[in-house]
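Notes to accompany the following structure.
The values are calculated or read from the model by the stated rules, or taken from the named source; none is laboratory data. The structure presented is a predicted model; accordingly, all values stated were derived computationally and were not measured. Note that each Cβ is placed from the backbone with ideal geometry, even for glycine, and that neighbours are counted across all protein chains shown. Just so you know, the surface numbers come from the protein's heavy atoms only, side chains and all, with ligands and any DNA or RNA stripped out. Shrake-Rupley method; radii C 1.70, N 1.55, O 1.52, S 1.80 Å.
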Amino acid sequence: MLANDPNLFFRTGMENICVIFAARLIDAGPGTRWSSASPDTAIADFVHTLMGVGAGRDATPLSILGEHFQSAKTAGLSASDALKSSFVIACLSPSVVGMGQ
């Protein structure tokens, strides 16, 4: 499915959906898939599973999300909130939003 009218309302709606998913999926209790205790593992999974980027093309998205996570922590966010913010960026990537992954 392609987004046929990617306007401001679509973008805001997608951001809200990604924020809701982040709150429900990051540090979601025992057995959670994505934990702020292992941010590098979680970020790699965002890139490979959520965004669908293969191992040969993953250096840039891994770097961007890793740097965002560190910047968010430096700005005062908790590790959990920094990882949620990184998830939202991955969730809003063109490979997810544009193709409806």
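Residues to consider are Ala79, Ala90, Ala59, Ala55; find the one that is under 26 Å from Arg11 (Cβ atoms) and among the aliphatic types (A, V, I, L, M).
Values: Ala79 fails: under 26 Å from Arg11 (Cβ atoms); Ala59 fails: under 26 Å from Arg11 (Cβ atoms); Ala55 fails: under 26 Å from Arg11 (Cβ atoms).
Being under 26 Å from Arg11 (Cβ atoms) and among the aliphatic types (A, V, I, L, M) holds for just one of Ala79, Ala90, Ala59, Ala55, which is Ala90.
Could you grab the pairs with beta carbons closer than 7 Å, sequence gap of 6+ or different chains, first residue in the stretch 20-34 and under 15 Å from Ala79 (Cα atoms), second one open to solvent by 60 Å² or more (accessible area, probe 1.4 Å) and modelled with pLDDT under 95?
If the second residue must be open to solvent by 60 Å² or more (accessible area, probe 1.4 Å) and modelled with pLDDT under 95, the pairs left are Leu25/Arg33.
Here are some residues: Gly66, Gly13, Gly52. Which one is on the phi > 0 side of the Ramachandran plot and either at pLDDT below 95 or not β-branched (Val, Ile, Thr) (or both)?
Of the residues listed, the single one that is on the phi > 0 side of the Ramachandran plot and either at pLDDT below 95 or not β-branched (Val, Ile, Thr) (or both) is Gly52.
Here is a check on your reading of the model: is Ala37 on the phi < 0 side of the Ramachandran plot and either of a type outside the set (A, V, I, L, M, F, W, C) or buried (at least 17 other Cβ atoms within 10 Å of the Cβ) (or both)?
no
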